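Written below as structure tokens is the structure these notes are about.
None of the figures in this text is laboratory data; all of them are computed from the coordinates on show. Since the model is a prediction, treat every value here as computed from it, not as a measurement. In this analysis, Cβ positions are derived from the backbone assuming ideal geometry, glycine residues included, and neighbour counts consider all displayed protein chains.
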Amino acid sequence: MKNVHKLTEGALFLATFAVLLLMTLYIPVLGIVSNLFLALPFIMFATKNDRKSSFVFFIGGLLISFIVGSILALPLTILYGLTGIVLGDCIREKKSRVSGYIAGTLAFLIVTILTYAVTVTFFNIDIIKESIQTIKLSMDQSKEILGSLGQTPDPKMMEQFEMGIDMLETLVPSLFVMSSILVVMIIELVSFPIAKRLGVAIPKWSPFRELQLPKSLLWYYLGVLVASLIFNPEEGTFWYTALINLAFVLQLFMVLQGLSLIYYFSYQKGYPKALPIIMTVLTILVPFLLSIVRILGIIDLGFDFRKRISEKK
């Protein structure tokens with residue numbers, strides 16, 4: 001009886017996935033929305049069944065995607081299917097919301113990198129390089145148009161723009177990480193409320209003010225800064241790319257720690273809840289504030305600033 005229920009439930013979720021996949025592939029505008037829900041059937045099945053059953057369900061999802069969308073739909077199914085199963089398995093194992101989110105992000109990131117590697121290696125399609133070349137081509141065309149109109153673009157502005165494009169190319173690994181973090185966050189935002197309504201016990205987030213990153217991140221960050229100063233790798237080399245991306249990701253962690261400290265300080269002092277939210281928005285918009293918040297994050301990790309705030313209270 002239990003196996004019959006599992007088969008019925010699996011068939012229902014696979015049918016739901018097939019409908020969502022068809023909408024994503026063949027309905028242009030609606031497909032953008034349905035794309036966000038592709039992980040939901042996998043999340044639902046994995047929360048109620050063991051890993052072996054979830055793997056069989058995943059194989060079924062691959063077969064369905066091949067039937068309704070040909071081989072081109074397989075990467076989409078692998079990406080959202082594995083991410084959904086990881087998120088669902090973490091819920092079933094009653095792991096914390098943070099642990100589940102990190103595991104889901106890692107799954108999404110690994111599949112994204114592997115998919116990119118396969119398209120470049122076997123199909124000779126490099127979407128990132130082609131996109132950057134398109135941007136450069138558009139910039140050259142803009143120069144020509146301005147020249148034909150008798151106007152000369154500002155050399156400093158053009159130089160900054162070219163440096164920005166080069167930096168974008170260097171930061172591709174970090175962009176993979178950032179996009180994975182963002183997409184998994186969106187998946188949780190749209191899927192978890194539905195799963196909760198269907199009876200799944202979704203773990204709650206701890207308050208953002210309680211976020212305390214490992215202190216080892218501070219030492220990694222300082223190590224990267226020291227390595228950059230000592231070795232000063234040449235632009236375009238592997239070590240330059242590695243150090244730039246490590247610094248970018250670690251700086252992001254420092255900013256998160258700094259924002260968490262601001263929320264903690266505001267909570268301890270009893271300030272209005274809108275105040276730290278306004279500070280967050282300003283931090284994103286104003287580069288100068290971003291640097292200050294990053295420094296606050298470094299101080300908080302290095303000197304346990306929260307403990308001092310609590311003692312003063």
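Before moving on, here are some points about what is shown:
- Given [x] 22.8; [y] 20.2; [z] 19.0, the label whose value is Kirkwood radius over Cα pairs in Å derived from this model: [x]
- Val190 versus Met167: modelled label distance in nm, points set 7 Å from Cα along the beta carbon direction: 3.1 nm
- In plain terms, the chain from Leu213 to Leu106 could stretch by 36.8 nm, reckoned as 0.36 nm per residue minus the Cα-Cα distance.
- Efficiency of FRET between Met157 and Val4 - r from beta-carbon atoms, R0 51 angstrom, step 0.05: 0.15
- Vicinal HN-Hα couplings computed from phi for region 93-107 (Karplus, 6.51 cos²θ - 1.76 cosθ + 1.60; Hz; Gly/Pro x): 7, 6, 7, 5, 4, 5, 4, x, 5, 5, 4, x, 5, 5, 4
- Estimated purely from DSSP H runs of n ≥ 4, each contributing -39500 (n - 2.57), the mean residue ellipticity at 222 nm for the chain is -27500 deg cm²/dmol once divided by its residues.
- Each label point was placed 7 Å from the Cα along the Cα-to-Cβ direction; for Ile277 and Ser206 their separation is 2.4 nm.
- Karplus-derived HN-Hα couplings along region 292-302 (A = 6.51, B = -1.76, C = 1.60, θ = phi - 60°), whole Hz, x at Gly and Pro: 5, 5, 4, 5, 4, x, 5, 4, 5, 5, x
- In this simple spin-label approximation, Lys269 and Glu93 carry label points 7 Å from Cα along the Cα→Cβ vector, and these lie 4.1 nm apart.
- Full-stretch length increase - Leu252, Ile295 - with 0.36 nm per residue and alpha-carbon distance subtracted: 14.3 nm
- For region 62-73, putting each phi into the Karplus relation 6.51 cos²θ - 1.76 cosθ + 1.60 with θ = phi - 60° gives couplings of 5, 5, 4, 5, 5, 6, 8, x, 6, 5, 5, 7 Hz, in residue order, rounded to whole numbers and with x for Gly and Pro.
- Sorting 7-18, 84-95 by average packing, meaning the other beta carbons within 10 Å per residue, from highest down gives 84-95, 7-18.
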